[in-house]
Amino acid sequence: MTEPAPLALYIHWPFCVSKCPYCDFNSHVREQVDMAAWRAALLADMAHEAALTAGRKLSSIFFGGGTPSLMPPALVETLIAAAERHWGFTDEIEITLEANPSSVEAANFHDLARAGVNRVSLGLQSLDDQTLEFLGRAHDVDEGLAALDTAQQAFDRVSFDLIYARPGQSLDDWQAELERALSFGTGHLSLYQLTIEPGTRFETLVRTGKLIPADDDHCADLFEQTRGMMMAAGLPAYEISNHARAGQESRHNLTYWRYQDYIGIGPGAHGRRLNSATERHKKPENYLSAVDRNANGLKIEQALSPDTRVMEALMMGLRLAEGVDLVDLEAKTGLAVPHMLDQKAVDQLSQLDLLETTGGRLTISPKGKPLLDALLPKIIADI
């Protein structure tokens, strides 16, 4: 008998150490948080989801949100222990915590490791002080690297992120910064192109002419440079923006990209389980009230049609170097491949060396990776 597919668990912690400009809802000073109330709420929310997914083990846990590295380690330990009681763990479970690279948070790292966290994702974002100021980050390079050093001492696995394609950044600039990043020896790097999102400070600066973003050709050159340098260093891209040594890939994020089930608890957390999309109340007070009323923090629980699941699976899976297993997707959704894909468009794009179809698996070719967002609408069938 086949063992049920494992799950991933995402735990969203909404609070920051102080009023935080990066949060999209009001955060609170840590000392003002009623930890007993939050402990009870998160445990109740977890129990609700566990009852719906009994018999499936967890392969990963991810603590994200405001400033999860400032969660009391005792609370982290309690949540991990409860998750193990509810579901059980697969071998070598990955337990990741997202952290900002500040000295305040780094002081918590060893206690969090003792609580059960075995991987940290550190938001360095740049190895240049002027860039960090431009990005609005509170830390400088020295503080960030000190936090990285502490993280490497405390945790078995460490990842950090950097942002490139910044205004005025040359190929030589990025090469030097990436070489320095590789010198720290982590097994995983997340390398993101700077994007100008609507409604952000950057969008306002671009609109008023105070910021000139990198042009598309330069971004493409930086993208190719990044992939080449990372491949040469033994950390190939397994996803468009994520690079890892063999075995060091983020198992939790692979759950998302492979369109497997994951549970989301805590304010604003999203989930996908049992062919349904879930979303928790975002505002902390509303979340607590919902848990008090219903023993869960759900705001939305919506069944997803096979067509929607196909679209989501393709959008996520084609980001991966491994692509999408179409046979598996047929089994998951009950839809045949001709109903998922516009075969004429797939054939045309394959002839242009932008797509590859081999052994029932669809992948975006290296040439097509920078064009993924433009390719997706073309190949998904009109469903």
Kirkwood hydrodynamic radius for the stretch 7-257: how many Å is it when counted over pairs of different Cα atoms?
19.4
For the residue pair VAL206 and ALA36, what label-to-label distance in nm results when each label sits 7 Å from Cα along the Cα-to-beta-carbon direction?
5.0
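Mind checking the full-extension length gain between SER241 and ARG361? Use 0.36 nm per residue of separation minus the Cα-Cα distance, one decimal, nm. Numbers along the way, then the final one.
Details: separation 120, 0.36 × 120 = 43.20 nm, distance 2.08 nm.
Length gained between SER241 and ARG361: 41.1 nm.
Report the far tail of the P(r) of the stretch 192-250, meaning the percent of Cα-Cα pairs longer than 18 Å.
Details: 843 of 1711 pairs.
Of the Cα pairs, 49 percent sit more than 18 Å apart.
Return one quarter of the surface area of the convex hull spanned by the alpha-carbon atoms of the stretch 152-239, equal to its mean projected area, in nm². All intermediate terms of the calculation are to be shown ahead of the outcome.
Numbers: hull surface 28.1 nm².
Average projection, Cα convex hull of the stretch 152-239: 7.0 nm².
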What per residue convex hull volume, in Å³, comes out for the stretch 318-379 when only alpha-carbon positions are used?
80
Of the listed peptides 61-71, 198-208, 114-124, 290-300, what is their order by residue-averaged count of other C-beta atoms within 10 Å, with the highest listed first?
61-71, 114-124, 290-300, 198-208
In nm, what is the difference between 0.36 nm times the number of residues separating GLU179 and ASP142 and their Cα-Cα distance?
11.6 nm
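Which length gain, in nm to one decimal place, applies between ALA51 and GLU312 when the Cα-Cα distance is subtracted from 0.36 nm times their residue separation? The partial results should precede the final answer.
Details: separation 261, 0.36 × 261 = 93.96 nm, distance 2.56 nm.
The ALA51-GLU312 span can extend by a further 91.4 nm.
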For the stretch 211-279, diffusion coefficient by Stokes-Einstein and Kirkwood Rh (Cα), 37 °C, 0.692 mPa s, µm²/s
223
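Which value at 222 nm does the chain reach when only helices count, each DSSP H run of 4 or more adding -39,500 (n - 2.57), with the total divided by all residues and rounded to the nearest 500 deg cm²/dmol?
Numbers: 16 runs with 160 residues, N = 383.
Calculated mean residue ellipticity at 222 nm is -12500 deg cm²/dmol.
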Mind running the shape call on the stretch 27-121? Use the C-alpha gyration tensor, a ≥ b ≥ c as the square roots of the eigenvalues: rounded below 1.5 for a/c, prolate if a/b tops b/c, oblate otherwise.
oblate
Mind ordering 76-83, 136-143, 8-15 by average Cβ neighbours within 10 Å, highest first?
8-15, 76-83, 136-143
Please list, in chain and number order, the residues 5+ apart from ILE380 or on another chain whose amide H is under 5 Å from its amide H, with Hs placed from the backbone.
ASP342
Working only with C-alpha atoms, what are the Rg and Dmax values of the stretch 40-93, expressed in angstrom?
11.5, 32
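Every number in this text was worked out from the coordinates using simple rules, so none of it is lab data. None of the values given here were measured: they were computed from a predicted structure. Glycine gets a Cβ as well: all are built from the backbone with ideal geometry, and neighbour counts include every protein chain shown.
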